[in-house]
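Enquirer: Got a structure here, written out as structure tokens. Questions coming.
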Amino acid sequence: MSSLLRYAVGAASVVALLPAGAEAQTSPAPKETRQSPTPATPVADSYPSAATGEGATSEGYNLSRWAENWRSLCDPAKRDDPLDRLKCLPIDSNGDVYLTLSGELRLRVNETTNPGLREASAQRQDINRIVAGADLHVGPHFRAYGEIAHGGLDGRNLGTVAANLRNDLVVQQAFVEGNARVGGAAVGVRYGRQEFTDGPNLLTSQRDNNTIRFVLNGARAWVRGRRVRADVFDFKFTSLGTEGTADDRVDDGQRFSGITLGIVLPPVAEGAKLYLDPFIWRLRDDNASWGGVTAREERHYQGAHLWGEAGPLTLDWTVNHQGGSFGNRNIDAWQLLLAQTYRIGSGSSAPRVGFHIDYATGGGAYGEGTLRNALAPFGNNVYYSYQLALTPTNLVALAPNVTFTPLKKLRVTAEYQLSWRDSAADAVYRANGTAFAGTELVGGHKVGNVARLQAIYSLSPRVSLTGRYEHLAAGSVLTRAGYTDSDFLGGWISFRF
């Protein structure tokens, strides 16, 4: 951690010399999409809080609960109900030390026909998530955050149950954070178990679709001026048990580190807010597996993320090259991920039409020589399939979509995705990175078509209802390998405070 802190402090004087940037973005928060995130906790007179890589906030709530700012509720006159009182529990007489409590209850049901895309009886998952968090603020420059979670699972035809779906109790997050102003810039460091989402959503995500979220262990430090920022990090993965807090451990065999920069771009039109985030990352896995071979993999990412809004147009573009080694073999892979929508009309509820086109190289897993399979470190695992059937490895996808608001609090998104594989000599890969067995042995490129529908009804900022449907029509590659069509239907209610 000390080296990260020295970097942040040393860079502060450089960042502080740059001119003022744009104001914070205020568009609605996305729901497991790749739309631009809205602000987390603001940093006064510093880099726009919409672009600091700390999560998406809507009506005060954030997926990463530590990124919420409830300081205003320390004033009793601004509280609406007894739960607001839990957002500011003073510990000292002048209110500089206070505690913020948070919680979530999510009840969910999933029904999947032909699970795993094999002819079989339907699977039903009855899932519950219970989360409790506490955020201790000690003055303006120090905080400590802790969060525990429980995941319950029942149903039928469950198969092998992963620890991120059924888990008696897990310390989901636990960290300390210090921050300050140095040379006119905001600097800080956070150390411990934490969510990390500073990057394109398809590459880094807390994976809210899971019952237990994806978290890492280590340090993140930052320096933020008015027009540029730099975040440097060094993390190890978390290996979850299934029973209690004693069986969760830091996985020394998987390490993710690097630096992400941010630049506020000059506005191309009135009100435009565009950001460019170059990144250089390193992902190490001592037990990576490709084509049935397990070896140490060290993967290097060099890329950039261009995103934001320019009038009615929303962009989310990422390109990255991946080098490094898998065992004694070289890695040479690319990802090109392009999403865009266009707002028809004015106002946040106006319908949007758009499409995404994605290209992730493949090849080499079932042979020798250069490995060309691209890999996302831990991205949004439901983006290509609610059934977790596809991932940006050996994949070409094109998906037109439309989002509209038929009722004031109801948002509906429909999408039709056509999917192919890049290399016919390599497999089709699921969201967890494993191959559909036998797909590497059949010819052709067509993976399948996916029709998807999602509806979110926000009863209040605290309560929401979500429904999802997906039909995956298997293409020639999957059917020749013995796989078939599948339908997914899911729904849940979420309460948070």
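The values are calculated or read from the model by the stated rules, or taken from the named source; none is laboratory data. The structure presented is a predicted model; accordingly, all values stated were derived computationally and were not measured. Neighbour counts are summed over all protein chains in view; Cβ atoms, including those assigned to glycine, are modelled from backbone coordinates with ideal geometry.
Enquirer: Quick one: is Arg226 in a loop (DSSP other than H, G, I, E, B), closer than 20 Å to Trp307 by Cα and among the charged types (D, E, K, R)?
Expert: yes
Enquirer: Could you figure out which of (1) in contact with a Ser or Thr (Cβ under 6 Å, 6 or more places away or on another chain); (2) part of a loop (DSSP other than H, G, I, E, B) isn't true of Thr314?
Expert: For Thr314, the failing item is (2).
Enquirer: Only residues that are touching a Leu at 6+ places or on another chain (Cβ under 7 Å) and of a type in the set (Ser, Thr, Tyr): list them for the stretch 416-464, please.
Expert: Ser419, Thr439, Tyr457, listed by residue number.
Enquirer: Another question about this same structure. Just checking, which of Asn179, Asn114, Asn167 is polar (S, T, N, Q) and in contact with a Leu (Cβ under 7 Å, 6 or more places away or on another chain)?
Expert: Asn167
Enquirer: I'm told Glu270 meets every condition in (1) of a type in the set (D, E, K, R); (2) over 19 Å from Thr197 (Cα atoms); (3) surrounded by fewer than 20 Cβ atoms within 10 Å (Cβ to Cβ); (4) at pLDDT 95 or above except one. Can you identify the failing condition by its number?
Expert: Just one mismatch for Glu270, condition (4).
For every residue, the table says whether it meets (1) surrounded by 18 or more Cβ atoms within 10 Å (Cβ to Cβ); (2) of a type outside the set (Lys, Arg); (3) under 17 Å from Thr242 (Cβ atoms); (4) under 19 Å from the mean Cα position of the chain (by Cα).
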position: Arg143; (1), (2), (3), (4): yes, no, no, no
position: Ala163; (1), (2), (3), (4): yes, yes, yes, yes
position: Val170; (1), (2), (3), (4): yes, yes, yes, no
position: Gly178; (1), (2), (3), (4): no, yes, no, no
position: Val189; (1), (2), (3), (4): yes, yes, no, no
position: Asp198; (1), (2), (3), (4): yes, yes, no, yes
position: Arg213; (1), (2), (3), (4): yes, no, yes, yes
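Enquirer: Something else about it: Specify which of the listed residues (Gly324, Gly258) is among the small types (Gly, Ala, Ser), closer than 28 Å to Phe175 by Cβ and assigned to a strand (DSSP E or B).
Expert: Gly258
Enquirer: I need a count of the residues in the stretch 415-438 that are surrounded by fewer than 22 Cβ atoms within 10 Å (Cβ to Cβ), among the small types (Gly, Ala, Ser) and more than 24 Å from the chain's Cα centre (by Cα).
Expert: Residues in the stretch 415-438 being surrounded by fewer than 22 Cβ atoms within 10 Å (Cβ to Cβ), among the small types (Gly, Ala, Ser) and more than 24 Å from the chain's Cα centre (by Cα): 5 in total.
Enquirer: With modelled with pLDDT of 85 or more, under 21 Å from Phe142 (Cβ atoms) and crowded, with 21+ Cβ neighbours inside 10 Å as the only criterion, which of Asn69, Asn62 stands out?
Expert: Matching residue, one of Asn69, Asn62: Asn62.
Enquirer: Then there's this: For the stretch 418-473, name all the residues that are of a type in the set (Val, Ile, Thr) and closer than 14 Å to Trp290 by Cα.
Expert: Selection gives Val428, Thr434, Thr439.
Enquirer: A further question follows. Restricting attention to the stretch 443-497, and to residues there that are among the small types (Gly, Ala, Ser) and touching a residue at least 60 places away in the same chain (Cβ under 8 Å), which single residue is farthest from Asp208 (Cα to Cα)?
Expert: In this case the residue turns out to be Gly482.
Enquirer: Which numbered condition trips up Ser205, out of (1) free of Cβ contacts under 8 Å to residues at least 60 places away in the same chain; (2) surrounded by 22 or more Cβ atoms within 10 Å (Cβ to Cβ); (3) closer than 29 Å to Arg226 by Cα; (4) among the polar types (S, T, N, Q)?
Expert: Single failed check for Ser205: (1).
Enquirer: Can I ask one more? Taking the stretch 377-386 on its own, how many of its residues are touching a Gly at 6+ places or on another chain (Cβ under 9 Å) and more than 27 Å from Ser349 (Cα to Cα)?
Expert: 2
Enquirer: Looking at the stretch 373-387, is at least one residue surrounded by fewer than 16 Cβ atoms within 10 Å (Cβ to Cβ) and either among the hydroxyl-bearing types (Ser, Thr, Tyr) or within 30 Å of Asp285 (Cβ to Cβ) (or both)?
Expert: no
Residues checked against (1) among the hydrophobic types (A, V, I, L, M, F, W, C); (2) at pLDDT 90 or above; (3) closer than 23 Å to Phe214 by Cβ:
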{"residue": "Ala51", "(1), (2), (3)": "yes, yes, yes"}
{"residue": "Thr57", "(1), (2), (3)": "no, no, yes"}
{"residue": "Leu83", "(1), (2), (3)": "yes, yes, no"}
{"residue": "Leu105", "(1), (2), (3)": "yes, yes, yes"}
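Enquirer: How many of the residues in the stretch 343-372 are within 15 Å of Gln322 (Cα to Cα) and within 21 Å of the chain's Cα centre (by Cα)?
Expert: 2
Enquirer: Right, next: Which one is surrounded by the fewest Cβ atoms within 10 Å (Cβ to Cβ), of the residues in the stretch 315-335 that are of a type in the set (A, V, I, L, M, F, W, C), in contact (Cβ under 8 Å) with a residue 24 or more places away in the chain and over 30 Å from Leu407 (Cβ atoms)?
Expert: It comes out as Trp334.
Enquirer: From Ala389, Ala397, which residue is in contact with a helix residue (DSSP H, G or I) (Cβ under 7 Å, 6 or more places away or on another chain) and not aromatic (Phe, Trp, Tyr)?
Expert: Being in contact with a helix residue (DSSP H, G or I) (Cβ under 7 Å, 6 or more places away or on another chain) and not aromatic (Phe, Trp, Tyr) holds for just one of Ala389, Ala397, which is Ala389.
Enquirer: Further question: Given the conditions (1) more than 30 Å from Gly491 (Cα to Cα); (2) at pLDDT 95 or above; (3) surrounded by fewer than 21 Cβ atoms within 10 Å (Cβ to Cβ), which single one is not true for Ser239?
Expert: (1)
Enquirer: Pairs please, first residue from the stretch 110-137 and modelled with pLDDT of 95 or more and surrounded by 19 or more Cβ atoms within 10 Å (Cβ to Cβ), second anywhere and assigned to a strand (DSSP E or B) and among the aliphatic types (A, V, I, L, M), Cβ atoms under 6 Å, 6+ apart in sequence or on different chains.
Expert: These pairs meet every condition: Ile127/Leu153; Val131/Ala149.
Enquirer: Taking the stretch 456-472 as the search range and keeping residues that are surrounded by fewer than 17 Cβ atoms within 10 Å (Cβ to Cβ) and in contact with a Gly (Cβ under 7 Å, 6 or more places away or on another chain), which one is nearest to Ile357 (Cα to Cα)?
Expert: Gly467
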